[in-house]
Amino acid sequence: MTSAVWPRAPVLSIWRWTVDRYERAATAGLFGPQPHVELINGEVIEMAPMGPMHAEFTRRVGRIFAALSDNAWTVGGQQPVRVADDSQPEPDAWIARGGRGTYLNRHPGLGDLVLAVEVADSSLALDRTTKLALYARAAIPHYWIIDVNAGEILVFGDPDPGAAVYRAAGVVASGGRLELPEVPLSVVAADILD
């Protein structure tokens, strides 16, 4: 009896992106002239185009956070933050330690960020799972998801980086307040939701 030797199936390569490789590719135009992509856990993810509702809620948060821009804080939105060697998301809004000029030569990263905010209209599942784990693993102290469809803000705090979860979670409706102990910020939720 003879045995047949089957050829081995080729091993397909999986490209895991690093932030450095991702930035070089973006600079070279690999993702197109106006890409809306984020690097999440080594994968380049194409994000859905922003609809009018998402844009309106993002503007509302931006107006509230604008008062913080001084020598102690930098606020941003839909700009890169480096949370790991393989992850550079672009939260809809964020607050980082350090004022004007702090981030001229680098994006805010580990230890800089105090808050990440995502506006969720069609992205709620991604924001509650993948992004939540990403921000908890990066030890970002506070994470808010503005659920525009439910008219509430999901608030997460006390990250456990090893387990990639937040130990504290709550829901703030229109009548509630949002507080950040580290930052001189007290927000009436209605200013965002209504």
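Of everything listed in (1) among the charged types (D, E, K, R); (2) under 10 Å from the mean Cα position of the chain (by Cα); (3) surrounded by fewer than 17 Cβ atoms within 10 Å (Cβ to Cβ), the single unmet condition for R63 is (2). Within the range 39-59, is even one residue farther than 26 Å from R128 by Cα and either modelled with pLDDT of 85 or more or basic (K, R) (or both)? No, because not a single residue in the range 39-59 is farther than 26 Å from R128 by Cα and either modelled with pLDDT of 85 or more or basic (K, R) (or both). Taken residue by residue, the range 70-77 has at least one member that is in a strand (DSSP E or B) and touching a Ser or Thr at 6+ places or on another chain (Cβ under 9 Å). Of the residues making up the range 146-154, at least one is at positive phi, part of a loop (DSSP other than H, G, I, E, B) and out of contact with any Gly (no Cβ under 8 Å at 6 or more places or on another chain).
In summary, E182 fulfils each of the numbered conditions (1) within 19 Å of the chain's Cα centre (by Cα); (2) among the charged types (D, E, K, R); (3) under 14 Å from I95 (Cα atoms) with the single exception of condition (1). If the condition is being of a type outside the set (V, I, T) and free of Cβ contacts under 8 Å to residues at least 60 places away in the same chain, then the range 68-83 contributes S69, D70, N71, A72, G76, G77, Q78, Q79, P80.
Conditions tested, residue by residue: (1) in contact with a strand residue (DSSP E or B) (Cβ under 9 Å, 6 or more places away or on another chain); (2) of a type in the set (V, I, T); (3) surrounded by 18 or more Cβ atoms within 10 Å (Cβ to Cβ); (4) in a loop (DSSP other than H, G, I, E, B).
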residue	(1), (2), (3), (4)
N105	no, no, no, yes
V114	yes, yes, yes, no
V117	yes, yes, yes, no
L134	yes, no, yes, no
I140	yes, yes, yes, yes
Y143	yes, no, yes, no
F156	yes, no, yes, no
A163	no, no, no, yes
I192	yes, yes, yes, no
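I'm checking my understanding of the structure. Among residues of the range 87-103 that are over 20 Å from R59 (Cβ atoms) and surrounded by 17 or more Cβ atoms within 10 Å (Cβ to Cβ), which one is farthest from the chain's Cα centre (by Cα)? Among residues in the range 87-103 that are over 20 Å from R59 (Cβ atoms) and surrounded by 17 or more Cβ atoms within 10 Å (Cβ to Cβ), the one farthest from the chain's Cα centre (by Cα) is Y103. Taking the condition of being assigned to a helix (DSSP H, G or I), in contact (Cβ under 8 Å) with a residue 24 or more places away in the chain and either more than 30 Å from S186 (Cβ to Cβ) or among the charged types (D, E, K, R) (or both), how many residues in the range 21-67 meet it? Result for the range 21-67: 3. Within the range 176-194, residues that are farther than 15 Å from R59 by Cβ have Cβ atoms under 9 Å from residues that are polar (S, T, N, Q) and not in a loop (DSSP other than H, G, I, E, B) in these pairs: R177/S186; L178/S186; E179/S186; L180/S186, counting only partners at least 6 apart in sequence or on another chain.
Taken together, the residues in the range 165-186 that are within 21 Å of A67 (Cβ to Cβ), in contact with an Asp or Glu (Cβ under 8 Å, 6 or more places away or on another chain) and part of a strand (DSSP E or B) amount to 3. In the set (1) modelled with pLDDT of 95 or more; (2) under 13 Å from the mean Cα position of the chain (by Cα), the condition left unmet by D112 is number (2). With respect to the stated conditions, I95 is at pLDDT 90 or above, in a strand (DSSP E or B) and closer than 23 Å to V188 by Cβ. Can L124 be described as of a type in the set (A, V, I, L, M), touching a residue at least 24 places away in the same chain (Cβ under 8 Å) and farther than 27 Å from L193 by Cβ? Considered against the rule, which asks whether it is of a type in the set (A, V, I, L, M), touching a residue at least 24 places away in the same chain (Cβ under 8 Å) and farther than 27 Å from L193 by Cβ, L124 comes out as no.
The values are calculated or read from the model by the stated rules, or taken from the named source; none is laboratory data. The model shown is predicted, which means the values in this text are computed figures rather than measured ones. Counting neighbours? That spans all protein chains shown, and the Cβs are built from the backbone with ideal geometry, glycine included.
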